[in-house]
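Scroll down for the structure; my scribbles are underneath it.
The values are calculated or read from the model by the stated rules, or taken from the named source; none is laboratory data. What you see is a predicted model, and the numbers here were worked out from it, not measured in a lab. Reconstructed Cβ throughout: ideal geometry from the backbone, glycine too, with neighbour counts over all protein chains shown.
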Amino acid sequence: MARLMVVEDDETIGALLESQLRMQDHEVTWVRAGRTAVREAAMTEFDLVLLDLGLPDVDGVEVCRQLRQAQPGCVLVMLTARQEEMDVVVGLDAGADDYLTKPFGLTELIARVRAHLRRGVPAAPRHTIVIGDLVVDTAARRSTVAGQEVKLRPKEFDLLARLAEDLDAAVTREQLIDDVWDINWSGSTKTLDVHIAALRSRLAEAAEPSGAVIPQIVTLRGHGYRLEGPPS
């Protein structure tokens, strides 16, 4: 059983999501406003949040940012009627792990929730990967650059760990989606691109003050990505 929060002001949709998720044996808190969601997140640890972006009181993207700050390890899934690609990218960059565009199928939503919870925090033996000044500790789920911790969202860390395991090797987009999200993933691969861009940015920001030597994430067009180690 997982602890979920549904942030949805539409009474029909909210009631349906609450009842269906409870039928999956989850503990569900349903709130109807962004400020209420932020207050709940300050008091209760959630495994996953379904967040409608069209809220009556606060812009959903801002709520997403505040929820991510309050609960770095929580899975955030946006529910949006916004069709424009830039709106989706802004939401993902604000801290969301995934999104569903309304109207969505209930079966797909339940499957997506199940997939995220299954991938939540994978069990792993202690394994530390050192690449230049970057250290990736998969057991502690902690990464550092020149001794300073890099604050990564859960999927960003999973992507870094997956690429680091195959340093200097090409990893396909499909393999990254399978390993970091789920083998039965049905969402947009845009999610992968946004998380890669955010990961690049966080690593670069961490390395800049000290001039630390870190690997680079190389885009392989039409194929995937490669984590390229620094020159010896």
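Would you confirm whether or not the range 44-57 contains a residue that is surrounded by fewer than 18 Cβ atoms within 10 Å (Cβ to Cβ), within 17 Å of the chain's Cα centre (by Cα) and of a type in the set (D, E, K, R)? Show your work before the answer.
The initial filter retains those residues of the range 44-57 that are surrounded by fewer than 18 Cβ atoms within 10 Å (Cβ to Cβ), namely 44-45, 54, 56-57.
Of the ones still in play, those that are also within 17 Å of the chain's Cα centre (by Cα) are 45.
From what is left, the residues that are of a type in the set (D, E, K, R) are 45.
Checked the range 44-57: at least one residue is surrounded by fewer than 18 Cβ atoms within 10 Å (Cβ to Cβ), within 17 Å of the chain's Cα centre (by Cα) and of a type in the set (D, E, K, R).
Answer yes if at least one residue in the range 59-77 is in contact (Cβ under 8 Å) with a residue 60 or more places away in the chain, acidic (Asp, Glu) and surrounded by fewer than 14 Cβ atoms within 10 Å (Cβ to Cβ), and no otherwise.
no
Does residue 211 count as on the phi < 0 side of the Ramachandran plot and more than 23 Å from the chain's Cα centre (by Cα)?
On the way: on the phi < 0 side of the Ramachandran plot: no; more than 23 Å from the chain's Cα centre (by Cα): yes.
Taking the combined requirement at face value, the residue does not satisfy it.
Would you confirm whether or not the range 62-78 contains a residue that is outside the structural domain of residue 153 (by TED's automatic domain parsing), modelled with pLDDT under 90, in contact with an Asp or Glu (Cβ under 7 Å, 6 or more places away or on another chain) and polar (S, T, N, Q)?
yes
Do you know which residues across the range 205-232 are touching a residue at least 60 places away in the same chain (Cβ under 8 Å) and assigned to a loop (DSSP other than H, G, I, E, B)? Steps first, answer last, please.
So the first thing to find is which residues in the range 205-232 are touching a residue at least 60 places away in the same chain (Cβ under 8 Å), and the list is 206-207, 210, 212-215, 225-230.
Matches in the range 205-232: 210, 212, 213, 214, 215, 229, 230.
Kindly check whether there is at least one residue in the range 95-117 that is more than 30 Å from residue 22 (Cα to Cα) and either among the hydrophobic types (A, V, I, L, M, F, W, C) or in contact with an Asp or Glu (Cβ under 8 Å, 6 or more places away or on another chain) (or both). Please lay out each step first, then the result.
Initial filter on the range 95-117 (more than 30 Å from residue 22 (Cα to Cα)): none.
No.
Within the range 145-162, which residues are within 18 Å of residue 195 (Cα to Cα) and touching a helix residue (DSSP H, G or I) at 6+ places or on another chain (Cβ under 8 Å)?
Looking only at the range 145-162, we keep the residues that are within 18 Å of residue 195 (Cα to Cα), and these are 150-162.
Listed by number, the residues that qualify are 150, 151, 152, 153, 155, 156, 158, 159, 160, 162.
Anything in the range 156-168 that is closer than 17 Å to residue 68 by Cβ and out of contact with any Ser or Thr (no Cβ under 8 Å at 6 or more places or on another chain)? List them, or say none. Reasoning before the result, please.
Keep residues of the range 156-168 that are closer than 17 Å to residue 68 by Cβ, which gives 156-159.
Passing the criteria: 156, 158, 159.
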